[in-house]
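The values are calculated or read from the model by the stated rules, or taken from the named source; none is laboratory data. Because the structure is a prediction, the values reported are computed rather than measured. A quick note on method: Cβ atoms are made from the backbone with ideal geometry, for glycine too, and the neighbour counts reach across all protein chains shown.
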């Protein structure tokens, strides 16, 4: 019973949504669901925060190796939460001074924007920037001309790398007009529009079918692994 | 300190290609750092940038905005956050600049939570600083962020004010003059999306543009990662496309030269992307070099292995 | 210490020395200046408030701030370029309008520290990285929780269920909610309560219901949207003529362009079909199917190569942005935006 | 209570009957809806068409007309001196101002079925039917041979390796929430992997990026451990929420990767930029890596840096493949039927379009092409 009811909730909800796409009166069902989902996800943050607090408090109480870092995590979590929830240092919106919380957390000068600008942004965008290094080491290690497939991969990457900078202009810019299609910058666009389009289209079509089959497996109750295990 | 470390103890006993193959990747990291930071320093000190030859897709973006009559409405969707600002901020800046210079009326929206702040910064940097005559509410407005991804796009098709009920100042949509004639997103002759992923340009095409292509035009600026997925839509659904920092630099150079006034230096904030093409070039050449060295190495090992 | 360790130590020492030298010469290192502005607003009278609230059908809640009718003022600080500070000082050395902001200057140095701490992970895991990692987890988790609260829960759920409260506290311009909105938010609240039931000692299984609802509805929605926008639309645009006639302005056929356009279309159509063949599951990849699947893989590899090349661009731009932050905002080594001098 | 208890039971025990029942229901709805639509829709449709033609025919012209008025009214100092202001004058020449006011004021009664989406509806019914019939055939004992998918054959070995080395398995279910079908597909994979891990007695760590995903993953893994009778081996604390922030999450996961050194890493779900950060770090610690995503922009990185990668559709097929159940494998055949249909459409469409280029006046061919386009929603 604990499995069958959820399964039916999924089946009914799913089919209702599918049909609603075809009924003009219910066309906004998807948007309504998106709203509901966002609210549920926002409230479920309580569960995530609980898990976060639990894992770090446990480390702390057991004095596990590196418990000091857990203090940092917990401390920064609580401080940020406090600042954000109570809009510390945020003035009310000049248009609506009567509403105490009408100001935006993002206003320049608020504690929140300080955290955002000087902590969150440098930390996350530097994490993102690490990719430039990983891309280089991956290219060195993985781009070896082992077989036809690998050669195609690496030659295409090569053309793109050159074609999308000034190097392409220097190397092939002198090609005569009738062969201008072979200039690296044009050739790279040609590859994008023909080969890349073909590959991406096939992937997209395949994914659409994969999504449909996965969805139907769930809606038909064939795949219940998301509910846990095979037998209902 | 062993995490990323490779075993180098017997390194000197191995032939060169074996040694190269087991090279500590931290050396590659260091070289990459130098390849990017060197040109930044050089360009930062000298102020010189590489010339740009705009490609078709970037020219189309310029044309689309250029052909609009003054006072046309433009919807600018900021679908990225500061983590992608390195690539996309120059596009957003130049796009807003061209729109402001053309005296178009701009409505900013954000489908990414942090996009609203990015829009605010862009407004400050371009409109308030350089086009102070433009009035918030009459000439431009930042409608802020709305959660819901493509659901918001669908809602925009039916009711703009419902999707974005208030602007970033807290003003209700019904009180904003610029939105008086706007019922749905199709009332905008041009939609601009500067996007770093989901939701972004691809979703705009899927949910809004493909069905209303004849009513509104769509131009997009996207990150390098997303460009391959968007090229298939150019030029049918996406009238103009700025792909990665290269697209940004091409577009920037076009806007700058079209708005250049003799004797006045273009503010350097409008050539961010062009400055970044220098590090781009050296780093690309470095990557190409890495791939070549890697393969020479591979063939040397293969030959030795076969012999 | 190994030879390699020593080399890295030297490299690090060189950087630190350069930094110190840089700090001693020229304009010094990163600082942030702010300009003060005074903001004064008049609190509206209670009468205005009531008329504004009366336009909605919901109950009016008394404003929380007590200073009705009085002017309210505060100061705001906006960041300005160091150039502006220099100019203001030159005009009037005793001015207090543009000043050095200590909180923001400390923030700037912290940001630089975090940037370097994350980069240090490239060398090896270390305590700086661990501090940065712990901080980013704590800060960002709270950050998204707060965003969820103020940007989703307040306008959507509280706005629909307790509009009076939201109007008086947060958003006086709130549009009164529609019944459908209220019903859907009530449903969301019920689902959320079920979700949170897990925290209670008994009956945690009920939290499977909202999850099931979400999974089911997602499946239903995605089936339709993917079939529509990916399967049908992509198939339709692939039905291209294999022979194309490109005409000049004069109306004559341009053989060269026609030939290339035709080749492009043939390559495209063949490519899509071959790639699709690769994805066949219930047919063994042998014979003709095997050949087509192999061509399909080639196409996929070219696709991946192209994507790789494009992505590299983006990644390098991001790194460039971080390095610009270090060199420009923090070290004042370069000045591309002419914020400190021309 | 009894009946409500029995019906689900009957359906759960005989899926094939259920599928047929559901499809009969769907078809009934479909025909019913279409009948209503044809009866009711004709008059409305024609009325709407006329109204639509009026409004849509010259939308640009109409709006441009408004803009020129605005320009005059505002009398703004024109900031640019380029020639664009000339354009609207040309454009307006052909339009009457009345066009802008032609929007119908009364909204017609909405039909029960959106006739514009008939083709979409038929496609979904077709795919559903293909899947249903394939499942039914699979149930009736027709053997299904599925081609080898190397990445999936490697799952058992990869889990076994972790056990041998006494290290953990890392499973990353992507960075999106439960409203993304890739996350759901990732969790179904997690169910299979956790089952194998429970059998081998390997530990599995699942850091998640969303609270809801954490809850769902906990349910999934718990059930997997239960299903092989190893409820005692399940620990809820191995499935944790980190942060919603993409790079905050990445910072934590790669940090713990270099510290814990998992023997095997699975990346299954929606991934963005973190794909390469994960897979390069995994590479540096010498882990076996198996990835699966439908995010085509990230596939190159997984292909380059991981040992095995499930590309696009393969990822969605993975859990069905691993289950080995005939019903699930049957759905894969259903997918193939769909692909075959798409292939046929593309081939026919391309040929028809080609013939039309060579002989533009072939009515049958142009009708064929038009029909194909219509079936595809064009």
The range D:134-152: number of residues that are out of contact with any strand residue (DSSP E or B) (no Cβ under 9 Å at 6 or more places or on another chain) and over 12 Å from residue D:328 (Cα atoms):
7
All but one of (1) more than 30 Å from residue B:208 (Cα to Cα); (2) at the interface with chain D (Cβ under 7 Å from one of its Cβ atoms); (3) not in a helix (DSSP H, G or I) hold for residue C:240; which doesn't?
(1)
Unique match (being within 29 Å of the chain's Cα centre (by Cα) and within 8 Å of another protein chain (Cβ to nearest Cβ)) among C:296, C:305
C:305
So which of C:159, C:145, C:138 is modelled with pLDDT of 90 or more, over 30 Å from residue A:55 (Cα atoms) and either buried (at least 20 other Cβ atoms within 10 Å of the Cβ) or over 27 Å from the mean Cα position of the chain (by Cα) (or both)?
C:159
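Yes/no matrix, rows are residues, columns are (1) part of a helix (DSSP H, G or I); (2) under 22 Å from the mean Cα position of the chain (by Cα); (3) modelled with pLDDT of 85 or more; (4) surrounded by fewer than 21 Cβ atoms within 10 Å (Cβ to Cβ):
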residue: C:280; (1), (2), (3), (4): no, no, yes, no
residue: C:317; (1), (2), (3), (4): yes, yes, yes, no
residue: C:320; (1), (2), (3), (4): yes, yes, yes, no
residue: C:327; (1), (2), (3), (4): yes, no, yes, yes
Looking at the range B:223-246, can you tell me whether even one residue there is more than 10 Å from chain C (Cβ to nearest Cβ) and more than 24 Å from the chain's Cα centre (by Cα)?
no
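Just to be sure before I move on: is residue B:296 surrounded by fewer than 18 Cβ atoms within 10 Å (Cβ to Cβ), closer than 28 Å to residue A:133 by Cβ and more than 10 Å from every other protein chain (Cβ to nearest Cβ) in the structure I sent?
Yes; evaluated as a whole, the condition is true for this residue.
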Only one of A:120, A:154, A:161 is facing chain C (nearest Cβ under 7 Å) and more than 30 Å from residue C:263 (Cα to Cα). Can you tell me which?
A:120
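Would you mind listing the strands (runs of 3 or more DSSP E) fully within the range D:235-330 where at least 3 residues are facing chain A (nearest Cβ under 9 Å) and touching a helix residue (DSSP H, G or I) at 6+ places or on another chain (Cβ under 9 Å)?
In the range D:235-330, D:239-241 are the strands (runs of 3 or more DSSP E) which contain 3 or more residues that are facing chain A (nearest Cβ under 9 Å) and touching a helix residue (DSSP H, G or I) at 6+ places or on another chain (Cβ under 9 Å).
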Going residue by residue through the range C:166-176, is there one that turns out to be at pLDDT 90 or above, over 30 Å from residue A:211 (Cα atoms) and more than 10 Å from every other protein chain (Cβ to nearest Cβ)?
no
State yes or no: is residue B:280 in contact with a helix residue (DSSP H, G or I) (Cβ under 6 Å, 6 or more places away or on another chain), within 11 Å of chain C (Cβ to nearest Cβ), over 15 Å from residue B:58 (Cβ atoms) and not in a helix (DSSP H, G or I)?
no
Surrounded by fewer than 24 Cβ atoms within 10 Å (Cβ to Cβ), without any contact (Cβ under 8 Å) to a residue 24 or more places away in the chain, within 25 Å of the chain's Cα centre (by Cα) and more than 8 Å from chain D (Cβ to nearest Cβ): does that describe residue A:148?
no
Within the range D:134-151, identify whether any single residue is surrounded by 23 or more Cβ atoms within 10 Å (Cβ to Cβ), assigned to a helix (DSSP H, G or I) and not assigned by TED's automatic domain parsing to the domain that holds residue D:302, and answer yes or no.
yes
Can you confirm whether the range A:93-106 contains a residue that is within 7 Å of chain C (Cβ to nearest Cβ), under 29 Å from the mean Cα position of the chain (by Cα) and closer than 20 Å to residue B:113 by Cβ?
yes
Any hit, the range B:252-271, residues being in contact (Cβ under 8 Å) with a residue 40 or more places away in the chain, in contact with a strand residue (DSSP E or B) (Cβ under 9 Å, 6 or more places away or on another chain), on the phi < 0 side of the Ramachandran plot and within 12 Å of chain C (Cβ to nearest Cβ):
no
More than 9 Å from every other protein chain (Cβ to nearest Cβ), part of a loop (DSSP other than H, G, I, E, B) and either more than 30 Å from residue A:109 (Cα to Cα) or modelled with pLDDT under 85 (or both) - does that describe any residue in the range C:32-47?
yes
Checking residue D:360 against (1) without any contact (Cβ under 8 Å) to a residue 40 or more places away in the chain; (2) assigned to a helix (DSSP H, G or I), which test does it fail?
(2)
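Given the residues D:199, D:205, which is the only one that is at pLDDT 90 or above, over 26 Å from the mean Cα position of the chain (by Cα) and in a strand (DSSP E or B)?
On the way: D:199 fails: in a strand (DSSP E or B).
After applying the criteria, what remains is D:205.
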Within the range D:344-372, restricting to residues that are surrounded by 18 or more Cβ atoms within 10 Å (Cβ to Cβ) and facing another protein chain (nearest Cβ under 7 Å), the one that is farthest from residue D:132 (Cα to Cα) is D:354
Taking residue C:212, is it facing chain A (nearest Cβ under 8 Å), buried (at least 23 other Cβ atoms within 10 Å of the Cβ), modelled with pLDDT of 90 or more and assigned to a helix (DSSP H, G or I)?
yes
How many of the residues making up the range B:24-42 are at pLDDT 90 or above, in contact with a helix residue (DSSP H, G or I) (Cβ under 6 Å, 6 or more places away or on another chain) and more than 7 Å from chain C (Cβ to nearest Cβ)?
4
Mind checking whether some residue in the range C:281-299 is without any contact (Cβ under 8 Å) to a residue 24 or more places away in the chain and closer than 28 Å to residue B:209 by Cβ?
no
Yes or no: residue C:190 surrounded by fewer than 19 Cβ atoms within 10 Å (Cβ to Cβ) and part of a helix (DSSP H, G or I)?
yes
Single residue of A:200, A:196, A:186 found to be assigned to a helix (DSSP H, G or I) and either in contact with a strand residue (DSSP E or B) (Cβ under 6 Å, 6 or more places away or on another chain) or more than 8 Å from chain C (Cβ to nearest Cβ) (or both):
A:186
